[in-house]
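Structure, as structure tokens:
The values are calculated or read from the model by the stated rules, or taken from the named source; none is laboratory data. Because the structure is a prediction, the values reported are computed rather than measured. When we count neighbours, we look across all protein chains shown, and the Cβ atoms used for this are built from the backbone with ideal geometry, even at glycine.
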Amino acid sequence: MRYLTILSMLGLGILLSACGSASNSTGAVDAVEGYVNALASNDEASLSALSCAEWETNALTELDSLQAVTASLESFSCQQSGTDGDTALVDCEGKMILSYNGEDQELDLSNRTYQVVEQSGSWLVCGTQ
């Protein structure tokens with residue numbers, strides 16, 4: 001009987017830790033998707049809110065570089081690809097289409113990995129690789 005109790009507690013612990021990982025992964029992915037959408041829609045307030053303090057200047061510089069174009073996303077999705085210590089690593093697929101003066105240029109969104117950290121209960125983009 002004691003063996004069954006220990007085995008049940010171990011199984012419950014594994015199940016609960018798996019549930020926690022899924023919600024952490026979702027939070028990091030949601031942060032990156034919101035960040036990229038904020039870039040595409042020229043939403044400075046959302047971009048700042050989704051960036052950690054150390055990365056915010058870089059994020060706003062990237063946003064400034066998109067001021068002269070109209071941006072849209074095509075086949076865009078993200079997923080967590082791993083972790084590096086306390087940092088979640090998120091990869092995306094799809095393209096950002098940049099239109100300027102009737103010409104389109106495509107940026108492949110799979111070329112960078114986003115580094116995302118949890119601070120005060122919020123997931124924030126804090127760099128790229």
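Could you tell me whether Leu63 is part of a strand (DSSP E or B) and among the hydrophobic types (A, V, I, L, M, F, W, C)?
For Leu63, the condition - part of a strand (DSSP E or B) and among the hydrophobic types (A, V, I, L, M, F, W, C) - is not met.
Return yes or no: is Gln119 in contact (Cβ under 8 Å) with a residue 60 or more places away in the chain, surrounded by fewer than 19 Cβ atoms within 10 Å (Cβ to Cβ) and not charged (D, E, K, R)?
Against the criterion (in contact (Cβ under 8 Å) with a residue 60 or more places away in the chain, surrounded by fewer than 19 Cβ atoms within 10 Å (Cβ to Cβ) and not charged (D, E, K, R)), Gln119 qualifies.
Can you pull out every residue in segment 34-55 that is farther than 22 Å from Ala68 by Cα and buried (at least 17 other Cβ atoms within 10 Å of the Cβ)?
Leu50, Ser51, Cys52, Trp55 - these are the residues of segment 34-55 that are farther than 22 Å from Ala68 by Cα and buried (at least 17 other Cβ atoms within 10 Å of the Cβ).
Are any residues in segment 109-118 in a helix (DSSP H, G or I) and of a type in the set (Ser, Thr, Tyr), and if so, which ones?
Ser110
Going by the conditions given, is Leu89 surrounded by 12 or more Cβ atoms within 10 Å (Cβ to Cβ) and either touching a helix residue (DSSP H, G or I) at 6+ places or on another chain (Cβ under 6 Å) or over 20 Å from Gly27 (Cβ atoms) (or both)?
The answer is no for Leu89.
Need pairs with beta-carbon distance below 9 Å; first residue within 14 Å of Gly127 (Cα to Cα) and within segment 32-54, second surrounded by fewer than 16 Cβ atoms within 10 Å (Cβ to Cβ) and modelled with pLDDT under 95; sequence gap 6+ or separate chains.
Hits for this filter: zero, empty list.
Is one or more of the residues making up segment 66-77 within 17 Å of Gln115 (Cβ to Cβ) and either surrounded by fewer than 17 Cβ atoms within 10 Å (Cβ to Cβ) or touching a Cys at 6+ places or on another chain (Cβ under 8 Å) (or both)?
Within segment 66-77 (the criterion being within 17 Å of Gln115 (Cβ to Cβ) and either surrounded by fewer than 17 Cβ atoms within 10 Å (Cβ to Cβ) or touching a Cys at 6+ places or on another chain (Cβ under 8 Å) (or both)), the answer is no, since none of the residues qualifies.
Filter segment 32-55 for residues that are part of a helix (DSSP H, G or I) and more than 22 Å from Leu98 (Cα to Cα) and give the result.
Of everything in segment 32-55, those that are part of a helix (DSSP H, G or I) and more than 22 Å from Leu98 (Cα to Cα) turn out to be Ala49, Ala53, Glu54, Trp55.
Yes or no, residue by residue, for (1) within 16 Å of the chain's Cα centre (by Cα); (2) among the β-branched types (Val, Ile, Thr); (3) in a strand (DSSP E or B):
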{"position": "Cys78", "(1), (2), (3)": "yes, no, yes"}
{"position": "Asp91", "(1), (2), (3)": "yes, no, yes"}
{"position": "Lys95", "(1), (2), (3)": "yes, no, yes"}
{"position": "Asp104", "(1), (2), (3)": "no, no, yes"}
{"position": "Leu107", "(1), (2), (3)": "no, no, yes"}
{"position": "Val125", "(1), (2), (3)": "yes, yes, yes"}
